[in-house]
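These notes are about the structure you will find just below.
The values are calculated or read from the model by the stated rules, or taken from the named source; none is laboratory data. All values reported here derive from a predicted model rather than from experimental measurement. Positions of Cβ are generated from backbone atoms using ideal geometry, with glycine treated the same way; all protein chains shown enter the neighbour counts. Note: areas computed on protein heavy atoms with side chains; ligands, DNA, RNA excluded. Shrake-Rupley method; radii C 1.70, N 1.55, O 1.52, S 1.80 Å.
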Amino acid sequence: MTIIDPDEASSARSIHDAFFAEACAALGYDDSTTTMLLLASREIRAELPLRRDDGSISVFNAFRVQHHNARGPYKGGLRYHPDLDLNESRGLACLMTLKAALVDVPFGGAKGGIDCDPHALSSTELERLTRAFVGKFHRLLGPNRDIPAPDVGPDAQVMAWINDEYAKLYGYNPAAVTGKPIIVGGSHGRVEATGRGVSIVIDALARLRGEDLNGSRVAIQGFGNVGTHAALGLAALGLTVVAVSNVGSARYAANGFSTAELAAAATEHDRLPEGDTITNAELLALDCDYLIPAAMGGAIHARNAPDVRARVIVEAANSPLTADADALLGARGVTIVPDILANAGGIIVSYFEWVQNLQQVSWTLDQVHDGLRDRLAAATEQVVIRAAHDDTDYRSAAYRIATVKVKDAFFLSGF
């Protein structure tokens, strides 16, 4: 296990660091305070040798960045993706710190994972690799230290393996990991939390702005777990979902997909509803009211931002807009709902799962949904009020709200 040198850690700045630093400047924090808030508490890298089913050996890299824990234990997903590296983990850990603060759950931020393609591994290989991850990182994990959750790649089954491997070392303690299957301590409503949260934020924002959502046209890039549940939630609110996509293709329906079509497609991996075939680039350029990038980061950048015609972009993915795209679209008057608000449903219901595990109780689905709606609606209202007060955009307002909470907790802790 290698502890990363702080000089190496400070060499790369993520988009989240940039927005965080801008918030610090707007709040009047000095350079020393800004530096301390940006600096991660710990960065870890480990090598995970895996014996494949055919007897060969592959070596994967695993990462965990623990950003800040002044507001509570570190919390953040595990990402299984071949492009994952330490720099991406840094940015996502910072994002988690701010997201938890914005929606007022008592966690700090962490992120990490393994640079593997889970689809290229057999189930037994994936299990061995996951258990190897726990073997290398378990001393840094735990219900009051660092609580992993699923991100891109891992699912509830992976979380169940982590839960079991951790229990072998420390005894039964389901609060050490969230996103588990319900039968082993998971929470109702966790699977759909992030996508459902997107629809809650859009509904809350429209109410605050006095807008009628009925018939508004929506395009969703990424019809995975988040995109499917966002689509179903928005359709239930009366919006018209006109386009959806996966990594390989996109479908467009001028009059919108029915809720039944969306629900049927959502039940099968990589299936899209029937419609006209378009490219992902064409989806991003559609004339629509809401554009929801729900795939990977950097989908909208300086080269394709001029083609975007949506009046509102809701960041269901983490960092789907680059800094350049954010500036270009903001200058055109496009409303951007930032990821630390739009996709915060996942960390909220992860918090609910953690609380249930600690208290050894189980909430109903209605309790989870009500709690999710209340927290996201309250956070959305705070962002809208702060943006109006500061005469700024929603991203800047959200970052300022979160940054104040992180800074106050950090210094009240006695730094």
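Looking at segment 127-150, is at least one residue in contact with an Asp or Glu (Cβ under 7 Å, 6 or more places away or on another chain), under 27 Å from residue 229 (Cβ atoms) and of a type in the set (Ser, Thr, Tyr)?
No, segment 127-150 contains no residue that is in contact with an Asp or Glu (Cβ under 7 Å, 6 or more places away or on another chain), under 27 Å from residue 229 (Cβ atoms) and of a type in the set (Ser, Thr, Tyr).
Wholly within segment 49-138, which strands (runs of 3 or more DSSP E) include no fewer than the required count, namely at least 1 residues that are in contact with a Pro (Cβ under 8 Å, 6 or more places away or on another chain), in contact (Cβ under 8 Å) with a residue 40 or more places away in the chain and within 18 Å of residue 348 (Cβ to Cβ)?
Strands (runs of 3 or more DSSP E) meeting the threshold: 74-80, 108-114.
Name the one entry in 374, 366, 370 that is under 12 Å from residue 103 (Cα atoms), free of Cβ contacts under 8 Å to residues at least 40 places away in the same chain and in a helix (DSSP H, G or I).
374
Test each condition in (1) within 30 Å of residue 145 (Cβ to Cβ); (2) open to solvent by 30 Å² or more (accessible area, probe 1.4 Å) for residue 207 and report the one that comes out false.
Going through (1) within 30 Å of residue 145 (Cβ to Cβ); (2) open to solvent by 30 Å² or more (accessible area, probe 1.4 Å) one by one, residue 207 breaks only (1).
Tell me, which residue of segment 379-390 that is more than 19 Å from the chain's Cα centre (by Cα) and open to solvent by less than 50 Å² (accessible area, probe 1.4 Å) is farthest from residue 336 (Cα to Cα)?
Going through the qualifying residues, I end up with 390.
Looking at residue 341 and the list (1) over 30 Å from residue 399 (Cα atoms); (2) in contact (Cβ under 8 Å) with a residue 60 or more places away in the chain, which single condition is not satisfied?
For residue 341, the exception is condition (1).
Criterion first (farther than 17 Å from residue 77 by Cβ, of a type outside the set (Ser, Thr, Tyr) and surrounded by 18 or more Cβ atoms within 10 Å (Cβ to Cβ)) does residue 165 satisfy it?
Spelling it out, residue 165 is indeed farther than 17 Å from residue 77 by Cβ, of a type outside the set (Ser, Thr, Tyr) and surrounded by 18 or more Cβ atoms within 10 Å (Cβ to Cβ).
List, please: which pairs have Cβ atoms under 6 Å, are six or more places apart or on different chains, and start with a residue in segment 396-415 that is open to solvent by less than 20 Å² (accessible area, probe 1.4 Å) and end with one that is at pLDDT below 90 and in a helix (DSSP H, G or I)?
399/19
Which is of a type outside the set (Val, Ile, Thr) and at positive phi, of 104, 115?
104
To keep it simple, each residue is scored yes or no on (1) closer than 26 Å to residue 340 by Cβ; (2) of a type in the set (A, V, I, L, M); (3) out of contact with any Cys (no Cβ under 7 Å at 6 or more places or on another chain).
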| site | (1), (2), (3) |
| --- | --- |
| 188 | yes, no, yes |
| 191 | yes, yes, yes |
| 197 | yes, no, yes |
| 200 | yes, yes, yes |
| 227 | yes, no, yes |
| 246 | yes, no, yes |
| 257 | no, no, yes |
| 264 | no, yes, yes |
| 279 | no, no, yes |
